[in-house]
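For reference, the structure discussed in these notes is given below.
What follows draws every value from the coordinates through simple rules; no lab data is involved. Nothing here was measured: the structure is a model prediction, and the numbers come from that model. Don't worry about glycine lacking a Cβ; one is built from the backbone with ideal geometry, like all the others, and counts go over all protein chains shown.
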């Protein structure tokens, strides 16, 4: 399913397998001046390609290699002969078959491998110039795009809400805090995230999520230093494990959030 919203010269294209556009199962691509930022999941790849037939699409940038951001790549290459770019660390991952958990196959589907080129420090269209901002907290190959003159910040999966309570095993929460501070310092006028809603004047929302994660990290570190293990910390801070953990084969869980902060705490203590 596809739904669209226009924000100035940016077209938000919401993509979801389900007609209800269920949160957590919906991702957005963005089209601006011939540049498509992310190409969405496999389940909507043909529909997106058909939707774009009367649009101008010359270049695609994948914010990272995850299957819900890259899966229309090959369709777009075949139909529009577009050039596709991603962080150098993402190139080989996108160019080979993916390995997915059952929930990923169900919600997003398998991407067809596509030929992607390494992304440089910026990418330009006829009218706009986008700075590439490395933001490796969500994954080492994750980038944001910033159009400085317009104040547009395309944040991929960096910003998911103001009070996240679950994360994936590979998420680095301390780096995510640093990444959020990086984009906050850019003072974006409009934030275009892959999940969720477009945010106008997003500074306050960014401040809230930074404060939330910093507070959460301090609480976890304090309990860890008192000798509590991951489960005991989870019970004190979150209570019962979030139901999304079971649906995603423990890929999104509060325990992962705790482990990420503990990992940073251990590294800090090892450096003393």
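Quick rundown of the values:
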read-out	value
Rg(Cα)/(2.2 N^0.38 Å) for the stretch 13-153, N = residue count	0.98
Peptide ranges 184-197, 5-18 listed from the most packed, as the mean C-beta count within 10 angstrom indicates	184-197, 5-18
Where N is the number of residues in the stretch 147-272, Cα Rg divided by 2.2 N^0.38 Å	1.13
Dimensionless Rg ratio for the chain, taking C-alpha atoms and the 2.2 N^0.38 Å reference	1.01
Three-way shape call for the stretch 136-206 based on the alpha-carbon gyration tensor, with the a/c threshold at 1.5	prolate
Residue-span extension gain [residue 33 to residue 243] - 0.36 nm each, minus C-alpha spacing	71.6 nm
Principal axis dimensions, largest first and in whole angstrom, of the stretch 23-95 by Cα	32, 29, 20
Distance between the stretch 16-46 and the stretch 136-211 - C-alpha centres, whole angstrom	18 Å
Förster radius 41 Å - calculated FRET efficiency between residue 185 and residue 165, Cβ distance, rounded to 0.05	0.95
